[in-house]
Every structure is written in C-alpha cells, then in structure tokens.
Amino acid sequence: MQAFRPLPGEDHTTPALPEVASWIAIYEELSSVLRLVLSRLDGNGQSADIERQLGWIEERLALWRDRHQALAGVSIDRRDHSVTYAGRYLKLTRREADLLDFLVRHPGRPFTTRQLTILAWQNSRLSDAQVRTYMMRLRRRLREVGLAGLITIVRNRGYGAELPRSSAIR
C-alpha cells in the first residue's frame, strides 16, 4: 500500500491566507479530475486505487479548508448552527449555517443560486428568490459579528465568500 505524501512546496503551517486558498484550489481540481476518471472506469480493478487516492486528496482538502478558516478566525459549528468570529457568537438557522459553511469551504469561488440549492442544501426545489432571501438575511446577520464582507456578490456569477485577512495568525 502506497503512503501518500504532501505535494512539493506544500507547507500546512503557512500563515499566508492567499497561499492556503491556492492549495484549496489545487486539491479541488485534483479531486474533480479523479472523480471524472472514476466515472469513466468500467470496473476493471483500478477503481480501488483511485478511490484511495481520492480519499487522501479529500483529507488534504479538508485540512487546507480548516487551515483557511483558522487563519481567518472564523469558526462555524454546523451542529450548533452558529458562527464565531473575534470572540463574537451568532446563532444561525440550519439553512444559514449550511450555506455559510459551504461558501467558506470554497473561498473565492462564486456560485449561482441554482448551484447553491443543490451543493449547499442538496435541495433543488428552492427558487432563486428564496436563495436570494436567505443570502440577504445571512449577510445582514453576519454584520452583527463583524463579518459584513464575508459573503460577496459577484456580478453575473453569483455569491462567494472572502474570509477576512486582518485576523490574528495562530
């Protein structure tokens, strides 16, 4: 069994938020490629190795996403449906917490309202207007804890998340 090693240049202790975001993008792309390869295999025995590689890549992706949140000082508790930032606590609804968690785990990437209903909530029955209402409400509530600019609107592309850069490095 092959032991997987971090990619060359990968330093999980980096304090640079842009570098962390780059590693997230790299591992998301690797994950997409392996998923595509898996979907094209005809069960010829190679899928077990690729699934093992995919599992490792997704572990690295989760590690980098957690690092990104830690550097930004944003903590999302999906069980409690809450967000904490700079010592300030905000209780969210389940849908708000799911939406925020999804966006923060994909920093810098815009998503359409349709993509958000499927990817963040696994629910294709919500209308675009309902998603926009959730977004408006969530953005307003995030201002209460100093995260006014966390959720961004990308013209003609959708909504994204930009984690704060002014946080203390741990």
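Where a number appears in this text, it was derived from the coordinates with a stated rule and is not lab data. Every value quoted in this text rests on a predicted model; they were computed, and no experiment measured them.
Every helix of 4 or more DSSP H residues in the chain counts as -39500 (n - 2.57), and over all residues that averages to -16500 deg cm²/dmol at 222 nm.
Were the residues from Asp42 through Ala129 laid out at 0.36 nm apart, the gain over their Cα-Cα distance would be 27.2 nm. An ellipsoid equivalent to region 75-161, defined through the eigenvalues of its Cα gyration tensor, has semi-axes of 20, 14, 11 Å when rounded to whole angstrom and sorted largest first. Taking a ≥ b ≥ c as the square roots of the eigenvalues of the Cα gyration tensor, the chain is oblate, since a/c reaches 1.5 or more and a/b is not larger than b/c.
Note that region 144-155 has calculated 3J(HN,Hα) couplings of 4, 10, x, 10, 4, x, 4, 9, 10, 9, 9, 3 Hz, one per residue in order, obtained from phi through the Karplus relation 6.51 cos²θ - 1.76 cosθ + 1.60 (θ = phi - 60°); glycine and proline are x.
Relative to the globular-protein estimate of 2.2 N^0.38 Å, the Cα radius of gyration of region 5-56 stands at 1.39.
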